[in-house]
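Below is one structure, written out as structure tokens; the observations come after it.
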Amino acid sequence: MDKKITHKEPVNVLVVGVGGQGVIMVSKVLATICQEHGYQVKQSEVHGMAKRGGGVFSHVRFGEQVYSPTIPKGSVDVLLALEWAEALRWVNHIRPGEGTFISDTQHIVPPFACRNRKRGAEAGYARETSDQIISRVNKGFALDATTMARELGNERAANTVLLGLLSTTLEFSEDVWCDAISRFVPPKTVDVNLQAFEQGRAWAAMDHGTPEPVVHNDGPTPVVVGREEHEMSDFVQLDINPAWCKSCDICVKMCPERCLKLDDQLKAVLTDPDRCTGCRICEWLCPDLAITVHRTPEAARAAAQG
Amino acid sequence: MAKKKQSAETSGPKEFDVMSYLRRDLFPHFLCPGCGHGIALRALMWAAHELGLDKDKIAIVSGIGCSGRLGAYVDANTFHTTHGRPLAYATGLKLARPDLHVIVITGDGDCLAIGGNHLIHACRRNLDITCMMLNNEVYGMTGGQVSPTTSQDRYTTTTPTGNTEATFDSCKLAEAAGASFVGREVTVQTPTLKNLLKDAIDHKGFSFVEVISDCTEIYGRKNDLGNSPEMILSQKSQMRPDSYGGVIVDEPFRPNALPTGVLTRSDRAEYGETYRSTMASSKKGA
Ligand SMILES: Cc1ncc(C[n+]2csc(CCOP(=O)(O)OP(=O)(O)O)c2C)c(N)n1
Ligand code: SF4
Ligand code: SF4
Ligand code: SF4
Ligand SMILES: [Mg+2]
């Protein structure tokens, strides 16, 4: 291992993604390697909303001397993104004309991008294609790392595929990377992660066009993570008994989909049946027990027939 | 990942339908619009359903108050007793009929003011009864007089310049008096409240559950606490869920926040069993 300091000016790597993808693991591996090569390293991260699928990012800066722990806008040397929309969020932070862009093409649609949260409903999400983005940066890689990792047997190793790609842009040797990865991933997953790392390196060596972004779910349109139970929503039927409703407004204010209102008689009514996911919050909270949500096909059919 | 979504609801015994637990001919009930007592009633029925209790084996004993009136709406054995005394009636009933699930519905005034003595002795005795106390910080039924749980500075018809008396923490009271299960929850967390009530009913011994309810019409109006949606949400923000296993002891920003969840659980001897075995052996001896 040569421990020669080659960077007088700090090298800036920005790792971004959403909660649970392993952004922090990637930055820890990188920071450790840099430190073990005698560089001064500063790392800072924000993962406040990580548990809710919110954005996570981590700044890693290394060089002979690093002062600030955050990377100034426009001076990112490598942007490593584990999720496509997060990649786009940060693409303007890349050093113009010089930086490298690496991103998984996986889409994870955030809940707030779905105004209508029924399964299969349309969701707002970045429309830019990988070609459009790659053409805007000096050097860009967009790959379907998640599928590559899944084919190796563990989707969660997608971050290591990207690490493989990242390793080709920095000076550290392959052994150094493998050693660090083995120390940071859960012991049972060392093998699959090392394979994933190899795949990332191999992918970088190949010559290929960029794939179109792949939406990773089993339906034709994006489905929000963690809402599978609302598959049943096709069968939701809401029963509101106007004779019992006392116009307290609880259901109207508490419905997460905002699809209830008080009509001109001040009785609760469903304004937009397509938006109702059948979550039952209105049923639970109606103090007058005036709302019943039917959520199985049979129950919904029976309720619809009166 | 895709196919493990059969929720408890569909795989459980039968989907919960509150209607099958109500005396529907008495509806709409008499509570004011947005009164939290109605939400608590659903949670209690839901808990009974998930425990698979036989309606004929449920005995609801209630006191006097808007809270006490709830018993009348339940399609089970119900016993609407006198002000402050539901626990006394329940004690007799449970000793005579240990096969029944005896559940007391009471209010803060009913349980802590006129009925305070009955509460402490019920806790001390540890008979297998569940006591659900609906705390709306006021005597709702009689027009909004101050109660032992009224927060300081709050306006009621009997505290026109704001309450100057100190406030009871009913859960601490019950625990100190010996209740072997104590818990607290707000109505807006209905599924959590249901689970707490399930645990309480399931518990062998005296279980006390304080439900933070809202009296929108009287207490809310007098204190400018907003309408029902605002009231139930602000109640939640004033609580401190014990989700970190008690690791976070004090909240600097909300020093008065009350803890929610199961606050005490112990397996002290249940009085009914003690009583019956003592009687059996004394008969043998005679
Ligand atoms: C012996 C007796 N004293 C007084 C009353 C009048 N009274 C009826 S309900 C009530 C207070 C109820 O308050 P609480 O238990 O908090 O129930 P809430 O209505 O708030 O649910 C009182 C004092 C009574 N019915 N009987
Ligand atoms: S079930 Fe009720 S609260 Fe939930 S989305 Fe439908 S109307 Fe809204
Ligand atoms: S919560 Fe119930 S009583 Fe209140 S407005 Fe809605 S349906 Fe009516
Ligand atoms: S007076 Fe208060 S406690 Fe009684 S029904 Fe009305 S809102 Fe509920
Ligand atoms: Mg009261």
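Here are a few things to note about the model shown:
- Counting Cβ atoms of other protein chains within 10 Å of each Cβ in A:242-252 and taking the mean gives 5.
- Cut-off under 5 Å, modelled amide H: who pairs with B:Gln189 long-range: none
- Packing-based ranking, highest mean first, of B:32-41, B:92-101, B:53-62, B:114-123 given that Cβ atoms within 10 Å are counted: B:32-41, B:114-123, B:53-62, B:92-101
- Neighbouring Cβ atoms from other chains, within 10 Å of the Cβ of residues in B:232-239, number 1 on average.
- Exposed-loop-free span, longest in chain B, where chymotrypsin sites (Phe, Trp or Tyr not before Pro) count as exposed if DSSP calls them loop and at most 11 other C-beta atoms lie within 10 Å: B:1-243
- Exposure rule at most 16 other beta-carbon atoms within 10 Å, DSSP loop GluC sites (Glu not before Pro): chain B longest free segment: B:16-164
- Residue-wise HN-Hα coupling along region A:175-188, computed from phi with Karplus coefficients 6.51, -1.76, 1.60 (Hz; x: Gly, Pro): 4, 4, 4, 4, 4, 5, 4, 4, 7, 9, 8, x, x, 5
- Sorting B:82-88, B:278-284 by average packing, meaning the other beta carbons within 10 Å per residue, from highest down gives B:82-88, B:278-284.
- Coil-residue trypsin sites (Lys or Arg not before Pro) of region A:4-49, DSSP, other Cβ within 10 Å capped at 16: A:Lys4, A:Lys8
- Between B:Tyr271, B:Ile212, B:Ala59, the Cα set farthest toward the positive side of the dipole of the protein assembly as shown (charges on each charged residue's Cβ, about the Cα centre) is that of B:Tyr271.
- Region A:22-96 and region B:158-193: distance between their alpha carbon centers, rounded to Å: 48 Å
- In the context of the full set of protein chains, residues of region B:23-71 present 31 Å² of accessible surface per residue (probe radius 1.4 Å, heavy atoms only).
- Alpha carbon convex hull of region A:227-305, projected area averaged over orientations, nm²: 5.0 nm²
- Shape metrics for region A:11-215, restricted to C-alpha atoms - Rg then Dmax, Å: 16.3, 53
- Dimensionless Rg over Rh [region B:55-169; C-alpha; Kirkwood]: 1.03
- Amide H contacts of B:Leu258 (H built 1.01 Å from N, in plane; Pro and chain starts excluded): B:Arg240 sit under 5 Å, all sequence-distant by 5 or more or on other chains.
- Cα-based radius of gyration of the protein assembly as shown once divided by 2.2 N^0.38 Å, which approximates compact folds: 1.22
- Mean separation of Cα pairs under 8 Å and 6 or more residues apart, divided by the residue count, gives chain B a relative contact order of 18 percent.
- Multiplying each eigenvalue of the alpha-carbon gyration tensor of region B:18-285 by 5 and taking the square root yields semi-axes of 29, 21, 18 Å, largest first, rounded to whole angstroms.
- Peptides A:148-158, A:193-203 ranked from most to least packed by the mean count of surrounding Cβ atoms within 10 Å: A:193-203, A:148-158.
- Proximity of backbone amide H atoms, modeled 1.01 Å from N, is registered between A:Thr100 and A:Val78, A:Leu79 at under 5 Å, excluding neighbours fewer than 5 places apart on the same chain.
- The calculated 222 nm mean residue ellipticity attributable to helices in the protein assembly as shown amounts to -8500 deg cm²/dmol, summing -39500 (n - 2.57) over DSSP H runs of n ≥ 4 and dividing by all residues.
The values are calculated or read from the model by the stated rules, or taken from the named source; none is laboratory data. These numbers come from a predicted model, not from an experiment. Methodologically, a virtual Cβ is constructed for each residue, glycine included, from the backbone with ideal geometry; neighbour enumeration extends over all protein chains shown. Heads up: the accessible areas ignore ligands, DNA and RNA and are worked out on the full protein's heavy atoms, side chains in. Shrake-Rupley method; radii C 1.70, N 1.55, O 1.52, S 1.80 Å.
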